[in-house]
């Protein structure tokens, strides 16, 4: 399916402020970017770079006044999420080097604290995809998904204690549970067709059977329409924008996802 995705941002900047953006999706095995447009006002010097996870980022210093950012892309992505209940666990010694970092505890995913819970969830499941599916099912039925209930990132421990959270929070707990079983897992932020309410979305991917698979406890049924923008260990790595210095006032944040052709 072909999707047109966009993010429209506006800020009131009180003093010259450094920004780092992560708003441009990249082409890869699961999606193809046919058209990409990026606008920013006022006109200024911008440097684009690729971070350690391969994400496209832009950095600049915004002058005092109103800052507007608009990005849109036409993306070909799958109508369905790939599923393989037989995908096996990959032994650590056989993992690619660039996947190893996704085994470790991180700021919001304290995987070293979840081994007992994870093992109770995946009892009698075949190692690999089936274990991750059991974790996704457990999240869906145990942790309440409440859009807009959390502004700041919440750690896996906090989400488990609270029993509810936004998409980012459920992803943190899913990642921590996977890593506690030595299954590599990573955070993904991007767009999702027909997400309600519409906003930027977060989910997680797990590495089994020699590749990454999508898991999203906030959604029911097996559907596609995902457009990935950023990958990382947790939410600290995948913010669509970071600003440094005095707080800026967000005037607008509007996200749209429209199907333009099959």
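Could you please let me know if residue 112 is in contact with a helix residue (DSSP H, G or I) (Cβ under 8 Å, 6 or more places away or on another chain), assigned to a helix (DSSP H, G or I), outside the structural domain of residue 58 (by TED's automatic domain parsing) and exposed (fewer than 13 other Cβ atoms within 10 Å of the Cβ)?
On the way: in contact with a helix residue (DSSP H, G or I) (Cβ under 8 Å, 6 or more places away or on another chain): yes; assigned to a helix (DSSP H, G or I): yes; outside the structural domain of residue 58 (by TED's automatic domain parsing): yes; exposed (fewer than 13 other Cβ atoms within 10 Å of the Cβ): yes.
The answer is yes for residue 112.
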- Note on the structure: Considering residues that are surrounded by 12 or more Cβ atoms within 10 Å (Cβ to Cβ) and either touching a helix residue (DSSP H, G or I) at 6+ places or on another chain (Cβ under 8 Å) or not in a loop (DSSP other than H, G, I, E, B) (or both), the number found within segment 247-257 is 7
- Query: Which number in (1) touching a residue at least 24 places away in the same chain (Cβ under 8 Å); (2) within 19 Å of the chain's Cα centre (by Cα); (3) closer than 18 Å to residue 205 by Cβ marks the one condition that residue 98 misses?
  - Reply: (1)
- Task: Looking for whichever is closer than 14 Å to residue 205 by Cα, touching a residue at least 12 places away in the same chain (Cβ under 8 Å) and not assigned by TED's automatic domain parsing to the domain that holds residue 27 here; the options are 128, 165, 148. Which one fits?
- Result: 128
- Task: Scan segment 208-224 for residues that are more than 18 Å from residue 1 (Cβ to Cβ) and either in a loop (DSSP other than H, G, I, E, B) or over 15 Å from the mean Cα position of the chain (by Cα) (or both) and report the count.
- Result: 7
- Message: From the list 59, 4, 26, exactly one residue is under 22 Å from the mean Cα position of the chain (by Cα), surrounded by 12 or more Cβ atoms within 10 Å (Cβ to Cβ) and outside any strand (DSSP E or B). Which is it?
- Response: 26
- Message: Suppose the filter is free of Cβ contacts under 8 Å to residues at least 40 places away in the same chain and in contact with a strand residue (DSSP E or B) (Cβ under 6 Å, 6 or more places away or on another chain); does residue 159 pass it?
- Response: yes
- State whether one or more residues within segment 197-205 are farther than 24 Å from residue 24 by Cα, modelled with pLDDT of 95 or more and either in the same structural domain as residue 127 (by TED's automatic domain parsing) or touching a helix residue (DSSP H, G or I) at 6+ places or on another chain (Cβ under 8 Å) (or both). no
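Condition test on residue 230, is it part of a strand (DSSP E or B) and in contact with a strand residue (DSSP E or B) (Cβ under 9 Å, 6 or more places away or on another chain)? Break it down into steps so the answer makes sense when it comes.
Numbers: part of a strand (DSSP E or B): yes; in contact with a strand residue (DSSP E or B) (Cβ under 9 Å, 6 or more places away or on another chain): yes.
It is true that residue 230 is part of a strand (DSSP E or B) and in contact with a strand residue (DSSP E or B) (Cβ under 9 Å, 6 or more places away or on another chain).
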- When residues of segment 234-246 are limited to those that are crowded, with 22+ Cβ neighbours inside 10 Å and in contact with a strand residue (DSSP E or B) (Cβ under 6 Å, 6 or more places away or on another chain), the one farthest from residue 104 (Cα to Cα): 238
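How many of the residues in segment 86-109 are part of a loop (DSSP other than H, G, I, E, B) and touching a strand residue (DSSP E or B) at 6+ places or on another chain (Cβ under 9 Å)?
Let us first name the residues in segment 86-109 that are part of a loop (DSSP other than H, G, I, E, B), namely 86-87, 89-91, 95-96, 104-105, 107-108.
Of the ones still in play, those that are also touching a strand residue (DSSP E or B) at 6+ places or on another chain (Cβ under 9 Å) are 86-87, 89-90, 95-96, 108.
Qualifying residue count, segment 86-109: 7.
Take the conditions surrounded by 21 or more Cβ atoms within 10 Å (Cβ to Cβ), closer than 27 Å to residue 22 by Cβ and touching a strand residue (DSSP E or B) at 6+ places or on another chain (Cβ under 9 Å) and apply them to residue 191. Does it pass?
Working: surrounded by 21 or more Cβ atoms within 10 Å (Cβ to Cβ): yes; closer than 27 Å to residue 22 by Cβ: yes; touching a strand residue (DSSP E or B) at 6+ places or on another chain (Cβ under 9 Å): yes.
Yes; evaluated as a whole, the condition is true for this residue.
Evaluate segment 246-258: report whether one residue or more is within 19 Å of residue 52 (Cα to Cα) and at pLDDT 95 or above. Give the steps one after another, and end with the answer.
Narrowing segment 246-258 to residues within 19 Å of residue 52 (Cα to Cα): none.
Checked against the condition, which is being within 19 Å of residue 52 (Cα to Cα) and at pLDDT 95 or above, segment 246-258 yields no hits at all.
The values are calculated or read from the model by the stated rules, or taken from the named source; none is laboratory data. The structure presented is a predicted model; accordingly, all values stated were derived computationally and were not measured. We place every Cβ from the backbone using ideal geometry, glycine too, and count neighbours over all the protein chains shown.
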